[in-house]
1. Quick one: Val134 ticks every box in (1) over 22 Å from Ser191 (Cα atoms); (2) surrounded by 19 or more Cβ atoms within 10 Å (Cβ to Cβ) bar one, so which box is it?
2. If you go through region 93-142, how many residues are more than 28 Å from Tyr61 (Cβ to Cβ) and within 18 Å of the chain's Cα centre (by Cα)?
3. Any chance you could count how many residues in region 197-211 are touching a residue at least 40 places away in the same chain (Cβ under 8 Å) and open to solvent by 40 Å² or more (accessible area, probe 1.4 Å)?
4. When Ser176 is evaluated against the numbered criteria (1) small (Gly, Ala, Ser); (2) free of Cβ contacts under 8 Å to residues at least 60 places away in the same chain; (3) farther than 30 Å from Gly163 by Cα, which criterion, by number, is the only one it fails?
5. Working only within region 193-225, note down all residues that are among the hydroxyl-bearing types (Ser, Thr, Tyr) and either under 15 Å from His125 (Cα atoms) or not in a helix (DSSP H, G or I) (or both).
6. What pairs come up if the first residue lies in region 96-110 and is under 15 Å from Asn73 (Cβ atoms) and open to solvent by 40 Å² or more (accessible area, probe 1.4 Å), the second is at pLDDT 90 or above and in a loop (DSSP other than H, G, I, E, B), and their beta carbons are under 6 Å apart, counting only those six or more places apart or on different chains?
7. I'm trying to understand the selection: among the residues of region 2-35, which are surrounded by 14 or more Cβ atoms within 10 Å (Cβ to Cβ) and more than 22 Å from Gln149 (Cα to Cα)?
8. Checking Leu239 against (1) within 22 Å of Arg137 (Cα to Cα); (2) open to solvent by 50 Å² or more (accessible area, probe 1.4 Å); (3) not in a helix (DSSP H, G or I), only one condition comes out false. Which one?
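The values are calculated or read from the model by the stated rules, or taken from the named source; none is laboratory data. The structure displayed is predicted, hence computed values, not measured ones. Note that each Cβ is placed from the backbone with ideal geometry, even for glycine, and that neighbours are counted across all protein chains shown. Please note that ligands, DNA and RNA were not included when accessible areas were found on the heavy atoms of the full protein model with its side chains. Shrake-Rupley method; radii C 1.70, N 1.55, O 1.52, S 1.80 Å.
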Amino acid sequence: MAPWALLSAGVLVRTAHTVLTWGVTLLLFLHDTALRQWEEQGDLLLPLAFLLLVLGSLLLYLAVSLMDPGYVNIQPQAQEEAKEEQTAMVPQVIPLRRCGYCLLLQPLRARHCRECRRCVRRYDHHCPWMENCVGERNHPLFVAYLAVQLVVLLWGLYLAWSGLRFFQPWGLWLRSSGLLFATFLLLSILSLVAGLLLASHLYLVASNTTTWEFLSSHRIAYLRQRPGNPFDRGLIHNLAHFFCGWPSGSWETLWAEEEEEEGRSQVV
């Protein structure tokens, strides 16, 4: 295999993220920011905490980027037939469909990702900065990554601002603080993006919906059939199911239980 064949889009994106993360961190340590002032005062706890947060955000990024987002397994023929018999017992109001690309029977809330070329359970979106899908398995880690990353970005924004000195001649300021000011602008943009992403995903988690379902509800059969979100069980239950996997069970089972509850309420 040629060496350049190893330079896939995922490798390039993850390398760029890692280099950018440590490059900005190094720049904040080298300039006369609050980090250097803390070091000179002998207070190493805050610089160490900042480094640990940066490392934690990078590890979370790599975990979300590299892990299986919840691919629908390609099953042998015998298992596939058993699965179809099992899904035949599910109430017919649930429109299970076969994927037109990989020809698998898609579970409820699954979708085929053309970039990954696989069907993903509880598909949310394909993240180009992760070069991976966000789905049933890695969505909780993705939200945790956004939260930690936002804290790191806001702290870095404060550190960059603390190192800027505006009362200097223009040429001297540009040489001494130009790169730090560019870093401040970059961190401002990234903080805004991370904050908006975190807020939107917390809203989606609280209502037990996904980005794909939120944006394409008019095109999704199982959402067009009923008013509102059929998977929304209230804030506490939604958070417990998302972060802890409780109550356990397939989305088809939860759908069927919701149908039974609605049927009883209509009878009463």
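1. Val134 satisfies all of (1) over 22 Å from Ser191 (Cα atoms); (2) surrounded by 19 or more Cβ atoms within 10 Å (Cβ to Cβ) except (1).
2. Result for region 93-142: 0.
3. 2
4. (3)
5. Taking region 193-225 and keeping what is among the hydroxyl-bearing types (Ser, Thr, Tyr), we get 200, 203, 207, 209-211, 216-217, 222.
Result: Ser200, Ser207, Thr209, Thr210, Thr211, Ser216, Ser217.
6. Here the result reads none, with nothing in region 96-110 linked to a residue that is at pLDDT 90 or above and in a loop (DSSP other than H, G, I, E, B).
7. Asp32
8. (3)
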